[in-house]
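Please read through the structure below; I'll follow up with questions.
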Amino acid sequence: MSEKIETAPAPLSESWLFFRRWLADPWAMGSVAPSSQALRRRITREIRREPDEAVVEFGGGTGPITAAILEAGVPADRLYSFEIDPDLARHLRARCPAVTVIADDCRKAPELLGETLCGKVGTVVIGIPMITFPLEFQREVLDATFRILRPGGRFLLYSFMPHSPLNREALGLTGQRLGFTLRNLPPASVWGYRRAGE
């Protein structure tokens, strides 16, 4: 069997789990429902990696994006998902058992992934609602992102805002909206960013 089907079916309680976590901390969740199939397609279409490179996800949640990345052909042993919420991390491990799920702060990614992976990540997918966090937090997440990305690598960020969720000038980024879908709750955009000058 190929790597692309190494996921368990999403349990019926997934939406309820997501909604409960949203009730507990709506700013951290950013959405009232897991990502739709349309949004998953928009994200996986933009993932880039060489055969020896990994894909890293910040904010795996209940795992719809994680599962979609696997189904798009990224081998499970080349996919790492950070999810700081212990309940969501447990759920994500059950849904995608072959993926390395790291129940810790994504800002520690360079240390937790180690030297063998730093600079060998083709794409970072950020599912954290960055716009709800202060600029200093955003800088720390982006510092971790660029420390693990290969030189010139791009990271993806999905957002429910009609404009860039990151202040490109303040954060030293270039970026553009790569896609948009109305078929998500709420409607969502996928943005791609690089360091300015790369």
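The values are calculated or read from the model by the stated rules, or taken from the named source; none is laboratory data. Every value quoted in this text rests on a predicted model; they were computed, and no experiment measured them. Cβ sites come from the backbone with ideal geometry, for glycine too, and all protein chains shown count toward neighbours.
Can you find, within the range 48-67, the residue that is farthest from Glu115 (Cα to Cα) among those that are under 11 Å from the mean Cα position of the chain (by Cα) and not in a strand (DSSP E or B)?
Pro64
Among residues belonging to the range 25-47 that are modelled with pLDDT of 50 or more and assigned to a helix (DSSP H, G or I), point out the one that is surrounded by the fewest Cβ atoms within 10 Å (Cβ to Cβ).
Gln37
Now for a separate question. Test Arg183 against the criterion of being at pLDDT below 95 and of a type in the set (D, E, K, R), and give yes or no.
The answer is yes for Arg183.
Can you find even one residue in the range 42-51 that is of a type in the set (A, V, I, L, M), more than 22 Å from Phe180 (Cα to Cα) and in contact (Cβ under 8 Å) with a residue 24 or more places away in the chain? Give the derivation first.
Filtering the range 42-51 for residues of a type in the set (A, V, I, L, M) gives 43, 47.
Within this subset, residues satisfying the condition of being more than 22 Å from Phe180 (Cα to Cα) are none.
Scanning the range 42-51, I find no residue that is of a type in the set (A, V, I, L, M), more than 22 Å from Phe180 (Cα to Cα) and in contact (Cβ under 8 Å) with a residue 24 or more places away in the chain, so the answer is no.
While we're looking at this one, here's another question. Of the residues that sit in the range 165-198 and are in contact (Cβ under 8 Å) with a residue 60 or more places away in the chain, within 15 Å of Ile126 (Cα to Cα) and among the hydrophobic types (A, V, I, L, M, F, W, C), which one is surrounded by the fewest Cβ atoms within 10 Å (Cβ to Cβ)?
Among them, the one singled out is Leu178.
Now for a separate question. Quick one: in the range 68-111, which of the residues that are of a type in the set (Val, Ile, Thr) and part of a loop (DSSP other than H, G, I, E, B) is nearest to Arg139 (Cα to Cα)?
Per the stated criteria, the residue is Ile84.
Still on this structure, I have one more. For the range 94-142, what are the residues that are among the hydroxyl-bearing types (Ser, Thr, Tyr) and either closer than 13 Å to Ile84 by Cβ or touching a residue at least 60 places away in the same chain (Cβ under 8 Å) (or both)?
Those that are among the hydroxyl-bearing types (Ser, Thr, Tyr) and either closer than 13 Å to Ile84 by Cβ or touching a residue at least 60 places away in the same chain (Cβ under 8 Å) (or both): Thr123, Thr132.
Within the range 91-130, which residues are among the small types (Gly, Ala, Ser), in contact with a Phe, Trp or Tyr (Cβ under 9 Å, 6 or more places away or on another chain) and buried (at least 19 other Cβ atoms within 10 Å of the Cβ)?
Ala109, Gly127
Per-residue answers, yes or no, for (1) in a strand (DSSP E or B); (2) polar (S, T, N, Q):
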| residue | (1), (2) |
| --- | --- |
| Thr145 | no, yes |
| Pro151 | yes, no |
| Arg154 | yes, no |
| Tyr158 | yes, no |
| Pro165 | no, no |
| Gly175 | yes, no |
| Pro186 | no, no |
| Tyr193 | yes, no |
| Gly197 | no, no |
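Applying the selection to the range 158-174, what residues are in contact with a Leu (Cβ under 7 Å, 6 or more places away or on another chain) and closer than 23 Å to Ala54 by Cα?
Across the range 158-174, the qualifying residues are Tyr158, Leu173.
Further, regarding this structure: Could you run through the range 131-164 and say how many residues are at pLDDT 95 or above, surrounded by 21 or more Cβ atoms within 10 Å (Cβ to Cβ) and closer than 23 Å to Ala72 by Cβ?
6
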